[in-house]
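Engineer: Input: one structure, supplied below.
The values are calculated or read from the model by the stated rules, or taken from the named source; none is laboratory data. All values reported here derive from a predicted model rather than from experimental measurement. Every residue, glycine among them, receives a Cβ derived from its backbone with ideal geometry; neighbour counts consider all protein chains shown. The protein model used for the area step is the full one, side chains on, heavy atoms only, and it has no ligands, DNA or RNA in it. Shrake-Rupley method; radii C 1.70, N 1.55, O 1.52, S 1.80 Å.
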Amino acid sequence: MTVGLPTGGEPKDTTEPDVTIEREIAEVVRGSYARSASPPGRRRIGARELYAEVLDPDTFRSWDTALVDVPAGSEYLDQLTAARQASGEDEAVITGEGMIRGRRVCVVACEFAFLGGTIGVAAAERLTLAIERATAERLPLVASPVSGGTRMQEGTVAFLQMVKIVQALMQHRSAGLPYLVYLRHPTTGGVFASWGSLGQLTGAQPGALIGFLGPRVYEALYGDTFPDGVQVAENLYRLGLVDAVLAPEALSEIAARALDVMCTAIDEVPAAKAPPEEPIDDVPAWESIEHTRRPERPGVEELLRAASHSVTILSGTQEGERSGGLILAMAKFGLAPCVVVGQDRLFPREGRPLGPDSLREARRGMSLAAEMGLPLLTIIDTPGAALSKAAEEGGLAGEIARCLADMVTLPVPTVCLLLGEGAGGGALALLPADRVVAAQHGWVAPLPPEGASEILYRTVERAPELAAAQGVRSIDLAAAGIVDRIVPERPDAAEEPREFLGRLSRALEFELTSLIHRDKAERLAARYERYRSLGLHPKP
């Protein structure tokens, strides 16, 4: 799907917005992408049914070959025979290739009708062979587990098959190839604890039972029922363990959009035309600060909707945290793909502060960019990081430090957009990029000017005076060598959002593509020197 700016052109007419992407961004950002704790209609979806839904018609080609021999007693042989007759399949895993919106992919999926989708030696070998072939042929991998876990009839050897599956997966990911996961109902045990939890992007079936220890096993072991609502897809989304809860019919579009970014051949992206350098009005610092605090000023959500395309929203850290204080996405600006880590100054005012969990989400984005070889775009627009007991005990200072460490050492091109407010450590954590683009009224300060005024003068009344003295404005930052490009506002982005976002998009495409074509060693050396010499040789 393409929305916002068409490639290399002017902003398209947004009087008829793309309702699908606008709703998706809004719902993910506002935390309503998964609305119900126990939605109706939970059902088991067969592997071939899923392939028919996700893949382009008549494009599936099986990769399955004869199964490896596995020792089996007569009772187990009878079970295998019955499973083959009942399911119409020879094993619990079906692998192959197909097309998603014209893009060739490898697909692997479990079939629950075959012994509950459990994984034994034969199924694991088939799965591993498919992953290895996908790696050798440099294909994206789309996996859909549904399983009761390890095949108990085969015991510990079957249990340890998860190791070789993960081993093959990590070789695939280490090759810079996409791995997308769709968890179906139910997914439990070793399958969930291995290849089901390693997707760069993970979706789940609405209402699906997803958990490590199945509730029936829990009851048998502990003599009590497992709490309701814990092992449910929507709860996993709420906790940042999956990126979205999606019906199968939405998968093709979402996967196509994600793969459009993840599979871009970076070396083949042409350099964009440089936007014209435009004069910037000398506006007093406090006036700029007031402009950035206007509620109607466009933020990161509007930027993604109107000025980028192929947007895929990610959610949470994948480790049990979903802050809601930051937007994590993959997108394209013109032809330039990137991972987006974006702040929105309105989030803290909505009860979603920029805390340590938000910065751990940001670091997930940095890690994804490095793994996929994609440029990273950070967007600063924050009144400051959280000031609270929870933030302190959650390691806020340490997370700011780790973000800085990641930013200065990332091997991929990095661009920072100073979109509006840039207060304190929350801004600092995302700032040290190869190139920094600033909106005209964007600013950066150690604290909100009111806070700095209180520290120095025991009153907030001298905030305007202090903002001017500290050199917080975009033009001051450019003079200090912190900002490289200023995008004008005429006179305020809130008054001309569409035109402003169009200028931003063109500037970001240019900066991203310019960095893509720069020699890596030279780029990293320049980044080091840029921040090593900061403040020592200010521009005249």
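Engineer: Please work out if Ala439 is in contact with a helix residue (DSSP H, G or I) (Cβ under 7 Å, 6 or more places away or on another chain), surrounded by 17 or more Cβ atoms within 10 Å (Cβ to Cβ), closer than 23 Å to Glu301 by Cβ and modelled with pLDDT under 95.
Structural biologist: No; evaluated as a whole, the condition is false for this residue.
Engineer: Looking only at helices (runs of 4 or more DSSP H) that fall completely inside segment 470-540, which ones have 3 or more residues that are open to solvent by 20 Å² or more (accessible area, probe 1.4 Å) and free of Cβ contacts under 8 Å to residues at least 40 places away in the same chain?
Structural biologist: 520-532
Engineer: Another question, if that's okay. Which of the numbered conditions does Val107 fail, given that it passes all the others? Conditions: (1) part of a helix (DSSP H, G or I); (2) at pLDDT 95 or above.
Structural biologist: Only one criterion is unmet by Val107, namely (1).
Engineer: Which of (1) at negative phi; (2) among the basic types (Lys, Arg); (3) in contact with a helix residue (DSSP H, G or I) (Cβ under 9 Å, 6 or more places away or on another chain) does Arg104 not meet, given it meets every other one?
Structural biologist: (3) is the only condition that Arg104 fails.
Engineer: Out of (1) buried (at least 23 other Cβ atoms within 10 Å of the Cβ); (2) more than 15 Å from Thr414 (Cα to Cα); (3) in contact with a Ser or Thr (Cβ under 7 Å, 6 or more places away or on another chain), what's the single condition that is false for Ala331?
Structural biologist: The number of the failed condition is (2).
Engineer: Is one or more of the residues making up segment 29-51 at pLDDT below 70, surrounded by 16 or more Cβ atoms within 10 Å (Cβ to Cβ) and in a helix (DSSP H, G or I)?
Structural biologist: Taking every residue of segment 29-51 in turn, at least one turns out to be at pLDDT below 70, surrounded by 16 or more Cβ atoms within 10 Å (Cβ to Cβ) and in a helix (DSSP H, G or I).
Engineer: Then there is this: Tally up the residues in segment 257-295 that are under 30 Å from Ala204 (Cα atoms) and surrounded by fewer than 19 Cβ atoms within 10 Å (Cβ to Cβ), please.
Structural biologist: Residues flagged as under 30 Å from Ala204 (Cα atoms) and surrounded by fewer than 19 Cβ atoms within 10 Å (Cβ to Cβ) within segment 257-295 amount to 3.
Engineer: Sticking with this structure for a sec: Do we find that Thr81 is in contact (Cβ under 8 Å) with a residue 40 or more places away in the chain and either surrounded by fewer than 23 Cβ atoms within 10 Å (Cβ to Cβ) or in contact with a Cys (Cβ under 8 Å, 6 or more places away or on another chain) (or both) in this structure?
Structural biologist: Taking the combined requirement at face value, the residue does not satisfy it.
Engineer: Can I ask one more? Of everything in segment 447-468, what is within 18 Å of Pro284 (Cα to Cα) and open to solvent by 80 Å² or more (accessible area, probe 1.4 Å)? Give them in sequence order.
Structural biologist: The answer is Glu461, Arg462, Glu465.
Engineer: Quick one: Arg360 ticks every box in (1) open to solvent by less than 40 Å² (accessible area, probe 1.4 Å); (2) free of Cβ contacts under 8 Å to residues at least 60 places away in the same chain; (3) in a helix (DSSP H, G or I) bar one, so which box is it?
Structural biologist: Only one criterion is unmet by Arg360, namely (1).
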